[in-house]
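Structure, as structure tokens:
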Amino acid sequence: MKNFSSHSPLQNPQPSTTPLNPETGRGGEEKEEDQKARCEWDFNLSAVISSSDAGSTPSDAIGVVEFNQNDSFLATGGIARKIRIYSLEKSLESCQKVETGVKFLDHAAACEFYICTPAKLSSIKWKPGSGSRVIGSGDYDGVVMEYDLEKRVPVFERDEHGGRRVWSMDYSHWDPTIGASGSDDGTMQMWDPRCDGGKCLAVVQPNRVARSPVCCVEFNPFGRPLVAVGCADRRIYGYDVRNLENPVLLLDGHQQAVTYTKFLDSRTIVSSAIDGCLMMWDTEDQRPIRTYRGHVNTRRFVGLSVWRNGGLLSCGSENNQVFVYDKRWGEPIWVRGFAPAVQPRSEPGFVSGVCWRQAGDERCMLVAGGSDGVLQVFEGERKSCS
């Protein structure tokens, strides 16, 4: 499972120098609204997808959950060395519904098909422009691969990180599509999957002194030629893909390694770190807008997803709960715990991956995966105004 163990190079990153107001996360200049966080949504657990095997094991752990571009398919990856593909409509329709309204299904029945991978997976991404036919992955052996989901075979492989774990990979959202991957080797590499062997377009080392591991990479999906890179040195670097020599922005405010970055809109980034908080940033001013606290995150990747239409954020937690934040308030608006594992485990369970379905305005769907290999599907509906 993706985590920061005692021997990880991420345990002693460089100290941050940006002073923050602990209440607002705005550098001490602006005050957050004097308004308590409120939930304007009714959330309910609608489906549970688990294994019928007697008890779950750490090898079932789900590390990443991703909807495709039109929100019709769901892909998961993790320790099991499998990319599982679920048809959202078919999976939910075939569930057995009980009196509580929750639908239960076994992975074998819910999964359309799966592809075995040579190593544990840390990241998966649907390739834009492929009609949901191609999915990419980054793994613990430092390899980036692409799979043709119709033929169910690998069609591309890139092994240029020296065998060091790839924590994250992503694709650009323009044509031609290029890819980027971040690794324990301290680099973000940009490459062209159309070329044999994935021709390297650029190698970026954000922290040239400490060579801090790169934990997350994401292209701006709104058309701007910007790629965000989160590192173990607690900082987020932004690069113009047309000139990668030096970063065009630097976001400094987290107290520990940055594990995820997500674009909420064309100029706003939400980040997560193992300091137990999320932060929202204005990339134009390069200043924090708000800090979100409540979940537990001190050593693991617990997932981060943003629902842009509704302005909601979600992450997992090391206390085995799913957290939802409204972007307007720093406290969670909704928390739901996962059921404890059936059999005793060497470590307590935790929620390890989350993903919002981007469709809709008044209704939403959040899928969360756990370290026990269980998927839970939550549906939300905006409360009516009285």
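The values are calculated or read from the model by the stated rules, or taken from the named source; none is laboratory data. In this text, all values refer to a predicted model and were calculated from it rather than measured experimentally. Cβ atoms come from the backbone with ideal geometry, glycine included; neighbour counts cover every protein chain shown.
Structural remarks
- Single residue of ARG194, ARG211 found to be touching a Pro at 6+ places or on another chain (Cβ under 8 Å), outside any strand (DSSP E or B) and of a type outside the set (Ser, Thr, Tyr): ARG194
- Residue satisfying all of: in the range 124-152; of a type in the set (Gly, Ala, Ser) and in contact (Cβ under 8 Å) with a residue 60 or more places away in the chain; nearest to ASP170 (Cα to Cα) among these: SER137
- Subset of the range 84-101 that is aliphatic (A, V, I, L, M) and under 28 Å from LYS2 (Cβ atoms) - its residue that is modelled with the highest pLDDT: ILE85
- In the range 194-213, the residues that are closer than 19 Å to PRO176 by Cβ and crowded, with 16+ Cβ neighbours inside 10 Å reach residues that are of a type in the set (D, E, K, R) and at pLDDT 90 or above with C-beta atoms within less than 7 angstrom, at least six apart or across chains, in these pairs: GLY198/ARG158; GLY198/ASP192.
- Matching residues in the range 293-322 - criterion: being hydrophobic (A, V, I, L, M, F, W, C), closer than 22 Å to ASP60 by Cα and in contact with a Cys (Cβ under 7 Å, 6 or more places away or on another chain): VAL302, LEU304
- Leading residue by the ranking (nearest to LEU74 (Cα to Cα)) among those in the range 359-378 that are over 19 Å from the mean Cα position of the chain (by Cα) and charged (D, E, K, R): ARG363
- Residue in the range 257-278 that is modelled with the lowest pLDDT, counting only those that are of a type in the set (Gly, Ala, Ser) and assigned to a loop (DSSP other than H, G, I, E, B): SER266
- Enumeration of residues in the range 228-249 that are of a type in the set (A, V, I, L, M), outside any loop (DSSP other than H, G, I, E, B) and surrounded by fewer than 24 Cβ atoms within 10 Å (Cβ to Cβ): LEU249
- Answer from GLY230, GLY197 - the residue that is small (Gly, Ala, Ser) and under 15 Å from the mean Cα position of the chain (by Cα): GLY230
- Enumeration of residues in the range 123-150 that are surrounded by fewer than 20 Cβ atoms within 10 Å (Cβ to Cβ) and of a type in the set (Gly, Ala, Ser): GLY129, SER130, GLY131, SER132
- Filter pass, ARG363 being among the basic types (Lys, Arg), at pLDDT below 95 and surrounded by fewer than 21 Cβ atoms within 10 Å (Cβ to Cβ): yes
- Strands (runs of 3 or more DSSP E) within the range 1-83 that include 3 or more residues surrounded by 13 or more Cβ atoms within 10 Å (Cβ to Cβ), among the small types (Gly, Ala, Ser) and modelled with pLDDT of 70 or more: 41-50, 73-78
- One residue from VAL374, VAL306 being under 19 Å from VAL102 (Cβ atoms), hydrophobic (A, V, I, L, M, F, W, C) and buried (at least 19 other Cβ atoms within 10 Å of the Cβ): VAL374
- Applying the set (1) buried (at least 23 other Cβ atoms within 10 Å of the Cβ); (2) within 28 Å of ARG357 (Cβ to Cβ) to ASP282 leaves exactly one unmet item: (1).
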